[in-house]
Amino acid sequence: MTPAVELPQPSAAALDLSAQLERVIGAEIRAAGGWLDFARYMELALYAPGLGYYSAGSTKLGAGGDFVTAPELADLLGRALARTLRFELAGLSAPRILELGAGTGALAAQILEALGDLDVSYLILEPSADLRERQQHALARFGARVAWLDRLPAEPIAGAVIANEVLDALPVSCFAKRGTHVVPRGVVTLGTGFAWADGAERRDLTHAVDSLEHALGAPLADGYRSEIALALPAWIASIGAAIERGCLLFVDYGLPRREYYHAQRSAGTLTCHYRHRAHADPFLYPGLTDITAWVDFSACADAAHSAGLEIAGFTTQAQFLLATLAEQPPSAGIDAAAIRERSALKTLLLPGEMGERFKVLLLRRGREAAAAPLPGRDLRSRL
């Protein structure tokens with residue numbers, strides 16, 4: 001597939017790294033009989049040790065990377081999350097915050113600064129060695145308050161789990177409706193690269209799509225293509241099990257089920273990013289390109305409920321941030337910093353940018369007395 005946008009040419013070293021990963025994936029396709037489920041391809045492309053997008057040493061975030069997240073634009077998201085965390089952590093003795101995939105460390109720094117008067121420690125679970133090194137440099141001033149983990153805590157913590165733009169990187173299985181049949185869309189080798197190909201029907205995928213159609217109240221149309229994160233329920237359950245008392249906060253781009261699988265979204269939501277350009281070819285530059293899918297927040301809510309978590313809040317990022325701005329308006333000055341902040345706010349708040357596409361989901365465990373709603377308009381009825 002040829003990308004619809006012109007992309008920069010990778011360096012020779014980057015192309016060599018990508019070629020190594022292509023050989024690894026190609027070997028797995030051959031071992032699987034010539035066809036590989038897309039979820040496994042995505043897992044290898046993102047997380048293969050030493051070669052995957054999040055496992056190799058290339059820069060991911062910022063001007064020299066492939067995309068920018070909200071904490072790199074302004075500190076508003078950090079302040080808003082800290083505002084919510086201050087309430088959610090109240091009454092817990094020496095609470096801990098666990099951030100999954102902490103990016104450059106900007107969000108952690110913003111939260112720690114905003115909660116500087118609280119006795120709270122900050123844990124980071126980061127699969128990328130490159131990003132972990134950047135985080136350690138960015139957070140050095142906080143000393144022993146910050147620690148890095150290689151896996152989820154062995155014992156559940158009292159505190160909070162934060163995941164900003166993590167759910168969208170969970171591997172997804174792609175499918176197409178062929179009449180009444182659910183056909184997996186996977187990967188085959190084509191020359192020195194890869195291509196899409198239909199596979200044999202799979203019971204687990206068919207069951208998941210049947211359940212999805214039952215929840216929608218109607219079958220998806222013939223030819224409809226989309227994706228589904230089959231591993232999401234187990235992932236939510238494992239993350240939820242890391243909390244004994246406290247909350248989980250997920251921030252990501254996504255939709256409730258009925259909007260995600262709307263008839264107008266008949267080609268799915270799979271998106272790739274390379275050097276700040278979006279394209280639609282997940283087989284281009286494997287290991288160098290980020291591959292993501294929008295989040296089905298209704299599926300998250302169902303998984304949370306099954307894991308014994310309370311769905312305590314759901315709103316848009318714009319609504320969530322505006323509630324914080326109402327209390328702490330930005331500077332009214334016209335210096336360069338104020339101009340940059342106002343530009344960042346447009347990206348964070350406007351419907352065509354991050355404001356409506358990004359959602360905030362709050363889950364709780366063992367906090368029956370907690371009653372404060374998530375700031376912003378309550379959209380839980382849409383889940």
Please list, ordered by first then second residue, the pairs with beta carbon atoms under 8 Å, 6 or more apart or interchain, first in region 221-242 and under 22 Å from Gly268 (Cα atoms) and modelled with pLDDT under 95, second small (Gly, Ala, Ser) and surrounded by fewer than 20 Cβ atoms within 10 Å (Cβ to Cβ). none
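Could you list all residues from region 1-53 that are small (Gly, Ala, Ser) and in contact with a Ser or Thr (Cβ under 8 Å, 6 or more places away or on another chain)? Even if it seems obvious, please write down each step before you answer.
Let us first name the residues in region 1-53 that are small (Gly, Ala, Ser), namely 4, 11-14, 18-19, 26-27, 31-34, 39, 45, 48, 50, 52.
Residues satisfying the conditions are Ala14, Gly26, Gly34, Ala39, Ala45, Ala48.
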Of (1) at pLDDT below 95; (2) part of a helix (DSSP H, G or I), Gly52 satisfies every one except (2)
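Looking at Leu152, Leu118 in this structure, which one is touching a helix residue (DSSP H, G or I) at 6+ places or on another chain (Cβ under 9 Å), assigned to a loop (DSSP other than H, G, I, E, B) and modelled with pLDDT of 95 or more? Please lay out each step first, then the result.
Values: Leu118 fails: modelled with pLDDT of 95 or more.
None of the other options fit; the residue is Leu152.
Can you tell which of Ala163, Ala147, Ala102, Ala176 is over 22 Å from the mean Cα position of the chain (by Cα) and either part of a strand (DSSP E or B) or free of Cβ contacts under 8 Å to residues at least 40 places away in the same chain (or both)?
Numbers: Ala163 fails: over 22 Å from the mean Cα position of the chain (by Cα); Ala147 fails: over 22 Å from the mean Cα position of the chain (by Cα); Ala102 fails: over 22 Å from the mean Cα position of the chain (by Cα).
After applying the criteria, what remains is Ala176.
What helices (runs of 4 or more DSSP H), lying completely within region 184-273, carry at least 2 residues that are out of contact with any Pro (no Cβ under 7 Å at 6 or more places or on another chain) and among the basic types (Lys, Arg)?
Values: elements: 203-216, 232-240, 257-260.
Passing ranges, in order: 257-260.
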Consider only pairs whose beta carbons are under 6 Å apart and that are at least six residues apart or on different chains; among these, list those whose first residue lies in region 297-309 and is more than 23 Å from Glu356 (Cβ to Cβ) and whose second residue is part of a helix (DSSP H, G or I) and among the β-branched types (Val, Ile, Thr). Ala303/Ile236; Ala307/Ile236
Go through (1) modelled with pLDDT of 95 or more; (2) of a type outside the set (Asp, Glu); (3) on the phi > 0 side of the Ramachandran plot; (4) touching a strand residue (DSSP E or B) at 6+ places or on another chain (Cβ under 9 Å) one by one and return the number of the condition Gly101 breaks. (1)
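The values are calculated or read from the model by the stated rules, or taken from the named source; none is laboratory data. None of the values given here were measured: they were computed from a predicted structure. For neighbour counting, all protein chains shown are included, and Cβ atoms are generated from backbone atoms with ideal geometry for every residue, glycine included.
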